[in-house]
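The values are calculated or read from the model by the stated rules, or taken from the named source; none is laboratory data. Values in this document were obtained by computation on a predicted structure and should not be read as measured data. With ideal geometry, Cβ positions are generated from the backbone for all residues, glycine too; neighbour counts draw on all protein chains shown. The protein model used for the area step is the full one, side chains on, heavy atoms only, and it has no ligands, DNA or RNA in it. Shrake-Rupley method; radii C 1.70, N 1.55, O 1.52, S 1.80 Å.
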Amino acid sequence: MPATELLNKITDTWYAKATVRSTPRILVPDYSGEQLIYPVARCSICEHPLVSALGPQVRSYILTQAAYQFLYGVGLLETKFVIQCCLDMLHNHIKGINDAAKLQALTVIVDEGYHAHVALDYIIQMKKKSAIEPLEVPQTNRKLDATARAYAALPEDMRMDFQLLAVTIAENVLTDEVANLGRERELAQSFTTLMMDHVRDEGRHSRFFADLMKERWPQLPRETQEHIGLMLPAYLDDFLGADLSRRFERRILAECGLSDAQAERVIDESDPHFSTDQERMKKSILQRIYRLLNQIGVLELDSVKDAFSDRNYVTS
Ligand SMILES: [Fe+2]
Ligand SMILES: [Fe+2]
């Protein structure tokens, strides 16, 4: 398909399908302690006998806090990371971005701004309906911190290309995470609608970034390809790392009235469950990222391929 025709098709699709243009406001229904707002399976402390003994209201409190953290986390990635990268494309801080890509970067800015709006609207409604205040309003998270660390360690002239690759990876991971949450059964309908609406846009975003990277990667100097490629395994470990100290869960348990000793027991006894879940999820995400890096061409240099070779997510 000729380039102008393709761009027209992409733009028409955005006008027809972008959720900012076509979906109604999502309303949080009246809160009941029974209705699940976030998956129990992603909150391993919930199922511990010491916690379940406290009743459904406490479970609802813990899940509400987990939902706040998730929604704030997604909003941070959108507003501090993806939008920033798109602005860098628009204003030529990333070299060689043509008008067609700038037009799509603008759709991503609009979409992400809208997603952050939807998430905050949802949080505000949840606070009112549940009368539960978020224990913390995070200003950053693990993924942002890991990216900032990697960015700071790079020579200045490689930072923008790394940023674009990091956003390409993050959008791919986020699409998968949000899609999985949208498929959870038994969750409040409004929460799954929030996830499914979001994923409709994220699928488009992750294709846009992946196509852009496939085109750009072979044009980068070999030195840049090698430098970024070699740091990726450690970066991905950092980016996808879980908080093994489980600080936030400890804080929630204290808020629920558990003594330090009881909280320690809950953390300890839910740890094998927590660690296996984290490991399983991390491995499957890394397999996806590895396939993506392969498609982009990042693994074409032998040295880079070797750097990944002892990783358990590298599949043939
Ligand atoms: Fe988004
Ligand atoms: Fe996105």
Exercise for review: Test residue 213 against the stated conditions and say whether it is touching a Gly at 6+ places or on another chain (Cβ under 8 Å) and either open to solvent by less than 70 Å² (accessible area, probe 1.4 Å) or more than 22 Å from residue 145 (Cβ to Cβ) (or both).
Suggested key: no
Practice item. Considering each residue of region 106-115, count those that are hydrophobic (A, V, I, L, M, F, W, C) and closer than 18 Å to residue 172 by Cβ, and give that number. Key: 1
Practice item. Look at residue 125 and say whether it is within 16 Å of ligand 2 (Cβ to nearest atom), modelled with pLDDT of 95 or more, farther than 19 Å from residue 243 by Cα and polar (S, T, N, Q). Key: no
Check your understanding: Of the residues 103, 90, 54, which single one is more than 16 Å from ligand 1 (Cβ to nearest atom) and more than 20 Å from residue 171 (Cα to Cα)?
Key -> 54
Practice item. Return the only residue of 1, 89 being over 16 Å from residue 187 (Cα atoms) and modelled with pLDDT under 95. Key: 1
Point to revise | Unmet requirement for residue 52, which otherwise passes all of (1) surrounded by 11 or more Cβ atoms within 10 Å (Cβ to Cβ); (2) in contact (Cβ under 8 Å) with a residue 12 or more places away in the chain; (3) not basic (Lys, Arg) | key: (2)
**Study point:** Residue list for region 161-196, restricted to those being within 18 Å of residue 282 (Cα to Cα), among the polar types (S, T, N, Q) and within 15 Å of ligand 2 (Cβ to nearest atom)
**Key:** 168, 172, 175
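Here is a yes/no grid of residues against (1) closer than 23 Å to residue 207 by Cβ; (2) among the hydroxyl-bearing types (Ser, Thr, Tyr); (3) surrounded by 16 or more Cβ atoms within 10 Å (Cβ to Cβ):
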{"residue": "32", "(1), (2), (3)": "no, yes, no"}
{"residue": "40", "(1), (2), (3)": "no, no, yes"}
{"residue": "43", "(1), (2), (3)": "no, no, yes"}
{"residue": "57", "(1), (2), (3)": "no, no, no"}
{"residue": "78", "(1), (2), (3)": "yes, no, yes"}
Review point. Can you spot a residue in region 195-202 that is at negative phi and loosely packed, with under 14 Cβ neighbours inside 10 Å?
Key: no
Review point. Which residues, taken from region 1-30, are open to solvent by 70 Å² or more (accessible area, probe 1.4 Å), touching a residue at least 60 places away in the same chain (Cβ under 8 Å) and of a type in the set (Val, Ile, Thr)?
Key: none
Point to revise | Any chance residue 63 is part of a helix (DSSP H, G or I), within 22 Å of the chain's Cα centre (by Cα) and within 16 Å of ligand 1 (Cβ to nearest atom) | key: no
Check your understanding: Do the conditions hold for residue 220, that is, is it open to solvent by 10 Å² or more (accessible area, probe 1.4 Å), within 13 Å of ligand 1 (Cβ to nearest atom), more than 23 Å from residue 12 (Cα to Cα) and not small (Gly, Ala, Ser)?
Key -> no
Review point. Does region 184-205 contain at least one residue that is under 18 Å from residue 79 (Cβ atoms), in a helix (DSSP H, G or I), away from ligand 1 (no atom under 16 Å from the Cβ) and out of contact with any Ser or Thr (no Cβ under 9 Å at 6 or more places or on another chain)?
Key: no
Study note, to complete from the structure: Those residues of region 105-133 which are within 13 Å of residue 190 (Cβ to Cβ) and within 18 Å of the chain's Cα centre (by Cα) amount to 118, 119, 122, 123
Practice item. Mind listing whichever residues of region 135-181 are part of a helix (DSSP H, G or I), open to solvent by 20 Å² or more (accessible area, probe 1.4 Å) and of a type in the set (Asp, Glu)? Key: 145, 156, 157, 161, 176, 177
Check your understanding: Which one is nearest to ligand 2 (Cβ to nearest atom) among residues in region 62-76 that are open to solvent by 10 Å² or more (accessible area, probe 1.4 Å) and farther than 12 Å from residue 123 by Cβ?
Key -> 76
Review point. Can you tell me how many residues in region 227-282 are open to solvent by 30 Å² or more (accessible area, probe 1.4 Å), in a helix (DSSP H, G or I), among the hydrophobic types (A, V, I, L, M, F, W, C) and under 27 Å from residue 173 (Cα atoms)?
Key: 5
